Amino acid sequence: DDVPWALMHNGGGMAFDASGLLYLAVGDATNMDAPQTAGSFGGKLLRFRPTPNGYTVPANNPFVGEEEALDEVYSLGLRNPFRIAHRNTDNRVYVADVGSAVWEEVNLAAPRANFGWPVREGPCPLDEYLPCAPAPARYTDPRLYYAHAPEQGGSITGLDFYTGTDFPASYRDQLF
């Protein structure tokens, strides 16, 4: 499967974890079927180890060896995962996923996590606001989400953890 590309929803965030594994976010490229299919790169968080001649896939990636699934897939159900941030203190990876009409979200990367796009966005079924039905067990709710109005912007296009010492200690290791 080729890596998808379109005029929109290309994602592209990437980060290394403490062990040198690369997490690469790929958008759905406006293909609404791709994010829920483990056999496509579209709408996924991929995980692999770069090598001088390409890359290797960790044996503990969640879809390794599954028929009709790509070994590189770590998490799925993303729309336009624009940024990724690695948190050094707990070795966790967070993914900022640019929403559609209602929600922006930050997801905690986890093996086989399905963040729900295009069935769900934020904490709700597609195009719904709170209060809404809880996500079925097969979907992973975002760690952080907020509603936006399309005509006002507000997409989540930046994400990082503060590790400096210029600001008060309460800011250290916090997500911005």
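A few notes on this one:
- Within the stretch 17-34, residues that are surrounded by 21 or more Cβ atoms within 10 Å (Cβ to Cβ) sit with their Cβ atoms under 6 Å from residues that are among the hydroxyl-bearing types (Ser, Thr, Tyr), at 6+ positions apart or across chains, in these pairs: 34/40.
- Test set (1) in a strand (DSSP E or B); (2) crowded, with 19+ Cβ neighbours inside 10 Å; (3) of a type in the set (Lys, Arg) - residue 49 fails condition number: (2)
- Taken as a whole, the structure leaves residue 119 outside the set of residues that are within 14 Å of the chain's Cα centre (by Cα), at pLDDT 90 or above and closer than 27 Å to residue 72 by Cα.
- Residue count for the stretch 96-107 satisfying the condition of being modelled with pLDDT of 90 or more and either surrounded by fewer than 17 Cβ atoms within 10 Å (Cβ to Cβ) or over 12 Å from the mean Cα position of the chain (by Cα) (or both): 1.
- Condition check for residue 41: open to solvent by 60 Å² or more (accessible area, probe 1.4 Å) and among the aromatic types (Phe, Trp, Tyr): no
- Residue 162 meets the conditions (1) more than 20 Å from residue 44 (Cα to Cα); (2) touching a residue at least 40 places away in the same chain (Cβ under 8 Å); (3) open to solvent by 40 Å² or more (accessible area, probe 1.4 Å) in every case but one. The failed one is (2).
- Taken as a whole, the structure places residue 110 among residues that are closer than 20 Å to residue 175 by Cβ and surrounded by fewer than 23 Cβ atoms within 10 Å (Cβ to Cβ).
- Looking only at residues in the stretch 52-95 that are among the β-branched types (Val, Ile, Thr) and in contact (Cβ under 8 Å) with a residue 40 or more places away in the chain, the one that is most open to solvent (accessible area, probe 1.4 Å) is 89.
The values are calculated or read from the model by the stated rules, or taken from the named source; none is laboratory data. This is a predicted model, so every value here is computed, not measured. Here Cβ is always computed from backbone atoms with ideal geometry, including for glycine, and neighbour counts include all displayed protein chains. Only protein heavy atoms, including side chains, enter the accessible area calculation; ligands, DNA and RNA are left aside. Shrake-Rupley method; radii C 1.70, N 1.55, O 1.52, S 1.80 Å.
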